[in-house]
Amino acid sequence: MRANEPSSSAAWVAALRGLGGLLPREARLSEDPFGLRFSAPYGDRLAGAARRFPAVAARALAGDSVLQMQLRTRVLDDVLLGFVARGGRQVILLGAGFDCRPARFRRELGDAAVFEVDHPATQAKKQRVLAEVAAETARVTYLPWDFEHDPMADLPGRLSALGHSPDRPTLVILEGVTMYLTPGAIDATFAAVRALSAPGSSFAFTYLDRTAIDHPPLRLHLFRMLFTRLGEPFRFGWDPLELPAWAAARGFTLVSDRTDADLARELFPPRFAATYHGGLRHIAVMERQG
């Protein structure tokens, strides 16, 4: 993150979410009517061009980036909706970026308490954009947090002061963040999540296979170079085979760990799944041990 500037990667992700709404119906796994507003004016121009040239846009939008964001968003949406359907009433969006789940699922969330933790500049832009469109949201409490300077050990106490209860089940979602953290920051984050979560709580997060950090394929290497220039370099990935033991040593049980390629085969129609290139991006769900 550059000081006092909203996250560039969060704006990119928001644009990809918004552009997903222009995919052919059978490839749309999620709907985000707010995404393009966070990447204006560029997102609006892309969307306008896509509507003028739908045949060309369909081929362009079926590239891996837009499809991958459909997969990631849909799976984490399902985790959220499943948690709420089982009676969960505390959700923490850690590094929330410009995702608008409290607005997209305000009815499903009902009286659940949602806590959004993110960089002050990113959070300020998000609140401003949502106010401009008069978006109705579930009950959200914002906690400005500088991940590079605020000690993660303070996070449980700061959330508790805002009304979060560590004695009740909590769902923590950490989306699109782990690759930017150092190993020390990863450990501190997992320790904080364990401290603020009651036994049986869920922790869902995305991550990169370590191969993508050490020996990235060309497409991922280009993205890595871009975000490094924007001040958000990729730093961290797990070896998927080591993750269960790594998690257990920190008080978590790995419940599921799926790659984007697996999810593409499961969720997309064959003609989209067949052209999708992936396998190094993961979505994992863990449960806090007793």
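The values are calculated or read from the model by the stated rules, or taken from the named source; none is laboratory data. These numbers were taken from a predicted model, which means no experiment stands behind them. Using ideal geometry, Cβ is built from the backbone for each residue, glycine included, and neighbour counts are taken over all protein chains shown.
Miscellaneous remarks
- The set of residues from the stretch 131-187 being assigned to a helix (DSSP H, G or I), under 18 Å from the mean Cα position of the chain (by Cα) and hydrophobic (A, V, I, L, M, F, W, C) comprises Met179, Ala185, Ile186.
- Residue check, Ala198 closer than 30 Å to His149 by Cβ, in contact with an Asp or Glu (Cβ under 6 Å, 6 or more places away or on another chain), modelled with pLDDT of 95 or more and loosely packed, with under 15 Cβ neighbours inside 10 Å: yes
- Meets criteria (touching a helix residue (DSSP H, G or I) at 6+ places or on another chain (Cβ under 9 Å), surrounded by fewer than 22 Cβ atoms within 10 Å (Cβ to Cβ) and either among the acidic types (Asp, Glu) or modelled with pLDDT under 95 (or both)) for Glu108: yes
- Residue within the stretch 239-249 that is modelled with pLDDT of 95 or more, touching a Lys or Arg at 6+ places or on another chain (Cβ under 7 Å) and not in a loop (DSSP other than H, G, I, E, B) present: no
- Residue in the stretch 255-277 that is under 29 Å from Gly163 (Cβ atoms), at pLDDT 95 or above, surrounded by fewer than 18 Cβ atoms within 10 Å (Cβ to Cβ) and touching an Asp or Glu at 6+ places or on another chain (Cβ under 9 Å) present: yes
- Subset of the stretch 139-150 that is under 27 Å from His282 (Cβ atoms) and not aliphatic (A, V, I, L, M) - its residue that is modelled with the lowest pLDDT: Glu148
- Selection status of Leu155, touching a residue at least 60 places away in the same chain (Cβ under 8 Å), surrounded by 20 or more Cβ atoms within 10 Å (Cβ to Cβ) and on the phi < 0 side of the Ramachandran plot: no
- Among the residues of the stretch 113-131, just one is more than 23 Å from Tyr180 (Cβ to Cβ) and touching a residue at least 60 places away in the same chain (Cβ under 8 Å), namely Leu130.
- Given (1) more than 13 Å from Val91 (Cα to Cα); (2) without any contact (Cβ under 8 Å) to a residue 40 or more places away in the chain; (3) not aromatic (Phe, Trp, Tyr), number of the condition Ala138 does not satisfy: (1)
- Checking each residue in the stretch 111-123 for being within 18 Å of the chain's Cα centre (by Cα), within 18 Å of Leu162 (Cβ to Cβ) and surrounded by fewer than 20 Cβ atoms within 10 Å (Cβ to Cβ) picks out only Pro120.
- Condition broken by Arg210, with the remaining ones in (1) over 14 Å from Val117 (Cβ atoms); (2) in contact (Cβ under 8 Å) with a residue 40 or more places away in the chain; (3) in contact with a strand residue (DSSP E or B) (Cβ under 7 Å, 6 or more places away or on another chain) satisfied: (2)
- Residue in the stretch 81-96 that is in a helix (DSSP H, G or I), of a type in the set (Phe, Trp, Tyr) and crowded, with 16+ Cβ neighbours inside 10 Å present: yes
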